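Data block below; observations after.
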Amino acid sequence: MPQTYIDAAKHRLAEKMRPLRREAHRNAGREAADKLWRQFQDARRQGLVIDDDDVVSGYWPIRDELDIRRLLTGLTDQGSRCALPVVEGRAKPLLFRQWKPGVELVQRPFGLSEPPDSARVLTPRVLLVPLLAVDSRGNRLGYGGGYYDRTLIFLRQSVPIVAVGIAFEVQLVADVPHDGRDAALDWVVTEKSVHRCAG
């Protein structure tokens, strides 16, 4: 399929999904974070393995992303080491620095919040990934920068990685256009359900 066709299909889907996610965020209320935490615990019971020495990377929510700060705090309380992504350059994979509750984050362009340069660099085994849309095979529509796709492809070359999409239920769709530049997710956890991707 021509690249221009795939790119156009991604653009159309993104235009459709942005207002849906915005509305879901507006209607979710504060309890969405607690619901997500409970669903994530259910995912672990269903086979999402996080060992004691695993590093879990998250994200600091911006705009209308599903807020995972309750999830990150819960994982930290259970003994996991957590990290947040750091953007080093447009063509580079993400770097991950350690995060703990109470760490003062540095404000970056585009509304991003990142750990300070003094925070320890960690290599995650489990990545919690924001998105605009995702299908049952784990094909993910992101924001167009390709940061998570590059990062997952890079990390999977050397270590086993589990990628978990975090989304509102309304962001689950029948099909996400994709190509060889895209990296599929292994799981999707919403405020209402858990999905192991068909791959």
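What follows is calculated from the coordinates using simple rules that are stated; it is not laboratory data. Since the model is a prediction, treat every value here as computed from it, not as a measurement. When we count neighbours, we look across all protein chains shown, and the Cβ atoms used for this are built from the backbone with ideal geometry, even at glycine.
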For the stretch 97-147, listing trypsin sites (Lys or Arg not before Pro) in a DSSP loop whose Cβ sees at most 14 other Cβ atoms within 10 Å gives Arg120, Arg137
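Assign one of three labels to the stretch 157-199, namely rounded, prolate or oblate, based on the Cα gyration tensor with a ≥ b ≥ c the square roots of its eigenvalues; rounded applies when a/c is under 1.5, prolate when it is not and a/b is larger than b/c, and oblate otherwise. Write down the numbers at each step before the final one.
Working: a/c = 2.55, a/b = 1.36, b/c = 1.87.
Oblate.
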What residues qualify as long-range amide H neighbours of Tyr59, i.e. H under 5 Å apart, gap of 5 or more or another chain, H built at 1.01 Å from N?
none
For the stretch 147-155, Karplus-derived ³J(HN,Hα) couplings (6.51, -1.76, 1.60; θ = phi - 60°; whole Hz; x for glycine and proline) come out as 4, 5, 4, 4, 5, 5, 4, 5, 5
How many nm is it between the label spots at Phe110 and Lys35, if each spot is 7 Å from the Cα in line with the beta carbon?
2.8
Could you point to the residue in Met17, Phe40, Thr190 farthest towards the positive end of the chain's charge dipole, with +1 and -1 charges on the Cβ of Lys/Arg and Asp/Glu respectively?
Met17
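When only C-alpha pairs under 8 Å and at least 6 residues apart count, what is the relative contact order of the stretch 65-175, in percent? Provide the component values of the computation, followed by the final result.
Details: 158 pairs, mean separation 28.2, N = 111.
Dividing the mean separation by the residue count of the stretch 65-175 yields 25 percent.
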Whole-Hz Karplus ³J(HN,Hα) for the stretch 174-190, in order, using 6.51 cos²θ - 1.76 cosθ + 1.60 and θ = phi - 60°, x for Gly and Pro?
5, 7, 10, x, 8, 8, x, 7, 9, 10, 6, 8, 9, 9, 9, 10, 10
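Using the scaling law 2.2 N^0.38 Å as the reference, what is the normalised Cα Rg of the stretch 71-199? Working shown, then result.
On the way: Rg = 14.7 Å, N = 129, 2.2 N^0.38 = 13.9 Å.
After normalising by residue count via 2.2 N^0.38 Å, the value is 1.06.
Would you calculate, for the chain, the mean residue ellipticity at 222 nm contributed by helices, counting each DSSP H stretch of 4 or more residues as -39,500 (n - 2.57) and dividing by all residues, to the nearest 500? Mind dumping the intermediate values first?
On the way: 4 runs with 60 residues, N = 199.
Computed ellipticity for the chain at 222 nm equals -10000 deg cm²/dmol.
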Tell me, in nm to one decimal, what length is gained between Arg22 and Ser193 on full extension, where the rule is 0.36 nm per residue of separation less the Cα-Cα distance?
59.6 nm
In Hz, Karplus ³J(HN,Hα) per residue of the stretch 161-168 (6.51, -1.76, 1.60; θ = phi - 60°; x = Gly, Pro)
10, 10, 9, 10, x, 10, 8, 6
Over the stretch 14-94, what is the relative contact order in whole percent, taking alpha-carbon pairs under 8 Å and six or more residues apart?
30
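With +1 on the Cβ of every Lys and Arg and -1 on the Cβ of every Asp and Glu, and nothing else charged, how large is the dipole of the stretch 1-40 about its Cα centre, in debye rounded to the nearest 20?
Numbers: 10 positive and 5 negative charges, 19 e Å.
Roughly 100 debye, rounded to the nearest 20.
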Could you list which residues have their amide H under 5 Å from that of Arg81, counting only those 5 or more apart in sequence or on another chain, with H placed in the peptide plane?
Val56
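Might you report the magnitude of the Cβ-based charge dipole of the stretch 3-196 about its Cα centre, with Lys and Arg at +1 and Asp and Glu at -1, to the nearest 20 debye?
Approximately 220 debye in magnitude.
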Whole-number percent relative contact order across the chain, with pairs defined as alpha carbons under 8 Å at least 6 apart
23
